[in-house]
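> My questions all concern the structure below.
The values are calculated or read from the model by the stated rules, or taken from the named source; none is laboratory data. A quick note: this is a predicted structure, and the numbers were derived from the prediction, not measured. Glycine gets a Cβ as well: all are built from the backbone with ideal geometry, and neighbour counts include every protein chain shown. Surface accessibility is based on the protein's heavy atoms, side chains included, excluding ligands, DNA and RNA. Shrake-Rupley method; radii C 1.70, N 1.55, O 1.52, S 1.80 Å.
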Amino acid sequence: GASDGAGAPLPVITGALRAAAHDPRVKAVYLRVEPLGCGYAKLEELVRYIGYVRDAGKEVVAWMEMGGEKEYFVARHCSEVFVAPEAYLALKGFRVSGTFLRGVLEKVGVEPQVQRIGKYKSAGDQFNRKDMSEAQREM
């Protein structure tokens with residue numbers, strides 16, 4: 001994986017993808033997606049480099065035998081995804097939720113005083129709103 005010690009480290013993978021994007025001899029890239037032990041920031045970086053290869057007009061083919069949301073997140077950015085017939089994929093889905101306390105605070109007579117600085121600065125929404133704002137949904 002990208003940082004779990006089992007596979008190549010992220011700088012090696014991104015360097016190879018960058019080289020493949022610029023090398024006219026490379027027509028396609030085979031990417032074996034294995035269980036990843038890194039966070040989504042590193043996955044975003046990996047996906048960006050997959051995009052560089054695809055933007056260069058080259059195919060990126062993913063192969064998966066096992067994985068979950070992180071692995072699928074990477075694989076879905078490839079041109080094609082192949083999954084072994086005996087593969088184990090644990091896709092539970094992504095979910096975003098928030099706790100909104102405005103209704104509770106109203107019941108106990110508390111008036112929150114929160115200053116909003118920008119459209120996407122939503123930390124105070126949990127005190128001022130009863131539901132998620134459109135700007136927060138976008139994120």
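> Six or more apart or on different chains, Cβ under 9 Å: which pairs go from a residue in region 110-134 that's in a loop (DSSP other than H, G, I, E, B) to one that's open to solvent by less than 80 Å² (accessible area, probe 1.4 Å) and β-branched (Val, Ile, Thr)? Could you list them?
Matching pairs, first to second residue: Ala123/Val114; Gly124/Val114.
> In region 72-88, what count of residues is obtained for those that are under 10 Å from the mean Cα position of the chain (by Cα), closer than 12 Å to Pro35 by Cβ and modelled with pLDDT under 95? I'd like the intermediate steps shown before the answer.
First pass over region 72-88, keeping only residues under 10 Å from the mean Cα position of the chain (by Cα): 72-74.
Checking which are closer than 12 Å to Pro35 by Cβ leaves us with 72, 74.
Of the ones still in play, those that are also modelled with pLDDT under 95 are 72.
Here the count works out to 1.
> Which one of these does Met66 not meet: (1) part of a strand (DSSP E or B); (2) exposed (fewer than 10 other Cβ atoms within 10 Å of the Cβ); (3) of a type in the set (A, V, I, L, M)?
Checking Met66 against (1) part of a strand (DSSP E or B); (2) exposed (fewer than 10 other Cβ atoms within 10 Å of the Cβ); (3) of a type in the set (A, V, I, L, M), the one that fails is (2).
> Out of Arg102, Arg48, report the one residue that is among the basic types (Lys, Arg), open to solvent by 70 Å² or more (accessible area, probe 1.4 Å) and more than 12 Å from Val33 (Cα to Cα). Steps first, please.
On the way: Arg102 fails: open to solvent by 70 Å² or more (accessible area, probe 1.4 Å).
Criteria check complete, one pass: Arg48.
> Of all residues in region 80-95, which are open to solvent by 90 Å² or more (accessible area, probe 1.4 Å), among the hydrophobic types (A, V, I, L, M, F, W, C) and touching a residue at least 24 places away in the same chain (Cβ under 8 Å)?
Phe94
> Return the residues of region 10-35 that are in contact (Cβ under 8 Å) with a residue 24 or more places away in the chain, touching a strand residue (DSSP E or B) at 6+ places or on another chain (Cβ under 9 Å), among the aliphatic types (A, V, I, L, M) and open to solvent by 30 Å² or more (accessible area, probe 1.4 Å); say none if nothing qualifies.
Within region 10-35, Ile13, Ala28 meet the criteria.
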